[in-house]
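One structure below.
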Amino acid sequence: RFQHIYGVPAYMLISLNWLLLDDWITLFSKKINTTPIRSIAKKEIFLMALGKFINVIFFVVLPFVFLPWPIALVGFLSMHACMGMALAVVFQLAHVVEHVEFPLADVETNKIENEWAKHQVATTANFAMRNKIVSWYVGGLNFQVEHHLFPRISHVHYPKISKIVRETCEELGVQYNAFPTMYKAFFSHVKLLRQLGTA
């Protein structure tokens, strides 16, 4: 019920959760949430574990060796708070906002009956498309619709592509979700969290 209040501060824990828990849970349960995943090659498991080990050495062990522990702890937690918030806000504003659809798969076939491109447009949203600073900072992920439709095209082309996509959506009667500012997208996200919490 109160996720619109505690949800956003909880985003600060996301990267810390990835480092310490989430990847390991996925590895040992062999599924992401309820979706089973294919077997993972031993080389990939080794590389993941090595990466996490190196991360802990550089960002936990060395700071605690060379700095007073309170400074090392605050630095470590601050780094993860900033990283978690940045990651979560970008992806939440692109996927968990008003007007975006959340289609459910058919229970028997486990498939969503929708054309691929239409599904990408319906389940994503753009934000702050005219803000070059935001576009630079998030690497073009504020053009999430175009990112989903054209993942192999450099994000520097998304502003021009977005005009074509929007016009095509209008011609075909498909809703193109976009918020003019990051501020409006953020409040749409909080509003949706509140609505989902009372549903």
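Quick check on segment 170-199: of everything there that is of a type in the set (Val, Ile, Thr) and more than 21 Å from the chain's Cα centre (by Cα), which residue is nearest to residue 143 (Cα to Cα)? Let's see the steps before the verdict.
Taking segment 170-199 as the starting set, the residues that turn out to be of a type in the set (Val, Ile, Thr) are 174, 181, 190, 198.
When the remaining residues are screened for being more than 21 Å from the chain's Cα centre (by Cα), the result is 174, 198.
Values: 174: 17, 198: 30 Å.
Ranking the candidates gives 174 first.
Can you report the number of residues in segment 18-43 which are under 21 Å from the mean Cα position of the chain (by Cα) and either among the hydroxyl-bearing types (Ser, Thr, Tyr) or part of a helix (DSSP H, G or I) (or both)? Can you show your working first?
Step one: of segment 18-43, the residues under 21 Å from the mean Cα position of the chain (by Cα) are 18-27, 31-37.
After this cut, where a residue has to be either among the hydroxyl-bearing types (Ser, Thr, Tyr) or part of a helix (DSSP H, G or I) (or both) as well, the list is 18-27, 34-35.
Final tally of qualifying residues: 12.
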*Residue satisfying all of: in segment 1-31; open to solvent by 100 Å² or more (accessible area, probe 1.4 Å) and touching a helix residue (DSSP H, G or I) at 6+ places or on another chain (Cβ under 8 Å); farthest from residue 193 (Cα to Cα) among these*: 13
*helices (runs of 4 or more DSSP H) enclosed by segment 126-199 - at least 3 residues per element that are open to solvent by less than 60 Å² (accessible area, probe 1.4 Å) and within 30 Å of residue 3 (Cα to Cα)*: 144-149, 182-198
*Please indicate, with yes or no, whether at least one residue in segment 172-195 is in contact (Cβ under 8 Å) with a residue 60 or more places away in the chain and among the small types (Gly, Ala, Ser).*
yes
*What are the pairs, 6+ residues apart or on separate chains, where a residue within segment 143-158 that is farther than 12 Å from residue 117 by Cα has its Cβ under 7 Å from a residue that is open to solvent by 70 Å² or more (accessible area, probe 1.4 Å)?*
143/155
_Leading residue by the ranking (surrounded by the most Cβ atoms within 10 Å (Cβ to Cβ)) among those in segment 32-43 that are β-branched (Val, Ile, Thr) and closer than 30 Å to residue 194 by Cα_ = 32
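Can you tell me which residue among 53, 46, 76, 58 is surrounded by 13 or more Cβ atoms within 10 Å (Cβ to Cβ), more than 30 Å from residue 194 (Cβ to Cβ), more than 16 Å from the chain's Cα centre (by Cα) and not aliphatic (A, V, I, L, M)?
On the way: 53 fails: surrounded by 13 or more Cβ atoms within 10 Å (Cβ to Cβ); 46 fails: surrounded by 13 or more Cβ atoms within 10 Å (Cβ to Cβ); 58 fails: surrounded by 13 or more Cβ atoms within 10 Å (Cβ to Cβ).
On inspection, the qualifying residue turns out to be 76.
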_Please go through segment 88-116 and give me each residue that is loosely packed, with under 15 Cβ neighbours inside 10 Å and not in a loop (DSSP other than H, G, I, E, B), ordered by number._
116
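The values are calculated or read from the model by the stated rules, or taken from the named source; none is laboratory data. Keep in mind it's a predicted model, so treat the numbers as computed, not measured. We place every Cβ from the backbone using ideal geometry, glycine too, and count neighbours over all the protein chains shown. To get the accessible areas, we keep the full protein, side chains included, count just its heavy atoms, and leave off ligands, DNA and RNA. Shrake-Rupley method; radii C 1.70, N 1.55, O 1.52, S 1.80 Å.
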